[in-house]
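Derivation of every value follows stated rules applied to the coordinates shown; laboratory data play no part. All values derive from a computational prediction rather than experimental measurement. No Cβ is skipped: glycine too gets one built from the backbone with ideal geometry, and neighbour counts run over all protein chains shown.
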Amino acid sequence: MNSVIKTILNHRSIRKFEDKPLSDEQIKLIVQSAQAASTSSYIQAYSIIGVKDKEKKQKLAELAGGQNYVAENGHFFVFCADLHRHQLIADQYHQDASENLESTEKFMVTVIDAALAAQNAVLAAESMELGAVYIGGLRNQLSEVSSLLKTPSHVLPLFGIAVGYPAQEPDQKQRLPFEHVYHEDEYQQDQTSYLSQLKEYDQQISAYYEQRTNGERKDTWTGQMARLLSRPTRMYMKEFVEKKGFNKR
């Protein structure tokens with residue numbers, strides 16, 4: 001097993017950081033690593049906003065649901081779907097690109113490009129012995145986040161990543177069984193096997209929580225998912241995404 005795979009398999013979310021900022025060199029390396037990720041048709045449909053201003057970080061922490069590690073970290077990155085530059089290019093070449101830029105396909109491209117870049121960024125940070133955690137809570141109040149970061153049309157904040165020097169070493173949460181995720185040649189639909197795998201996974205996750213909380217929590221993964229899916233969240237998203245110029249066709 002090489003060092004890259006070891007770094008990947010050692011991943012865990014860090015939510016407490018030392019009070020020590022990242023250097024400009026570290027930030028540049030992380031962004032350059034993000035840019036090295038694959039991109040659909042070379043379109044590079046994303047941008048990264050680095051937030052150093054303490055007041056802005058504190059406001060983002062509030063908008064994300066009071067997550068203090070959004071404000072207290074070495075550096076905060078916001079990954080955005082971005083077709084703004086492509087709109088400018090279309091205008092420059094006197095092309096009507098609205099049907100293309102507003103398509104569901106191009107919206108998917110922006111999200112996929114940003115996600116690939118972000119994972120490269122996290123892997124780069126972790127290879128530098130830094131820690132990171134993704135922040136999807138920015139989507140709780142995207143209008144306010146967009147205003148704070150002054151994102152124009154065709155630029156949509158998707159998620160943040162808090163990066164810094166770890167001040168904790170949390171246990172690693174076990175992922176779904178390999179057989180449950182990997183399907184060979186076609187999607188396997190043996191429901192008995194599927195449910196059996198989930199039951200076994202629930203036992204492992206319940207044991208994890210029980211050990212972590214000294215017996216105070218014995219939750220299961222399927223229980224968490226059932227509760228999560230029973231509560232509609234961020235139902236304003238479709239309207240807001242379209243307002244920003246995405247996914248209208």
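Below, the figures for the structure above:
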| item | result |
| --- | --- |
| Under the Karplus curve 6.51 cos²θ - 1.76 cosθ + 1.60, θ = phi - 60°, whole-Hz ³J(HN,Hα) for the range 208-219, x wherever Gly or Pro sits | 4, 5, 4, 5, 5, 10, 6, x, 7, 10, 10, 6 |
| Calculated log₁₀ intensity ratio I(q)/I(0) where the Debye formula runs over C-alpha points of the range 178-218, q = 0.31 Å⁻¹ | -0.98 |
| Potential extension, residue 187-residue 171 segment - 0.36 nm per residue separation minus Cα distance | 2.6 nm |
| Cβ-based net charge around residue 97, under 11 Å, with every Lys or Arg adding one and every Asp or Glu removing one | -3 |
| Set of aspartates and glutamates near residue 6 by C-alpha distance (under 14 Å), chain-local residues within fewer than 8 positions excluded | 126, 129 |
| For peptides 117-126, 142-151, 206-215, sequence by mean Cβ density within 10 Å, most packed first | 117-126, 142-151, 206-215 |
| For the range 171-176, Karplus couplings with θ = phi - 60° (6.51, -1.76, 1.60), whole Hz, Gly/Pro x | 5, 8, 6, 6, 8, 4 |
| Of 157, 122, 193, farthest towards positive along the dipole that unit charges on Lys, Arg, Asp, Glu beta carbons give the chain | 157 |
| Under 5 Å, built H, 5+ apart or other chain: amide partners of residue 15 | none |
| GNM result for the chain, Cα springs below 10 Å: residue of 33, 230, 127 fluctuating most strongly | 230 |
| Note, ³J(HN,Hα) from phi for the range 51-56, Karplus 6.51, -1.76, 1.60, rounded to Hz, x at Gly and Pro | 10, 9, 4, 5, 5, 5 |
| Helix-only CD estimate at 222 nm, as mean residue ellipticity for the chain, using -39500 (n - 2.57) per DSSP H run (n ≥ 4) | -14000 deg cm²/dmol |
| Average Cα contact separation per residue, the range 192-249, under 8 Å, 6 or more apart, as relative contact order % | 22 |
| Ascending count of other beta-carbon atoms within 10 Å, so fewest first, for 94, 86, 75, 183 | 94, 183, 86, 75 |
| Listed residue pairs exceeding 32 Å between alpha carbons, taken from 52/106; 16/243; 173/244; 218/243; 59/243 | 16/243; 173/244; 218/243 |
| Least to most buried among 169, 242, 186 (fewest other Cβ within 10 Å first) | 186, 169, 242 |
| Prolate/oblate/rounded call for the range 1-57, Cα gyration tensor, a/c under 1.5 rounded | oblate |
| Angle in degrees between helix 104-127 and the longest Cα principal axis of the chain, rounded to the nearest 10 | 60 |
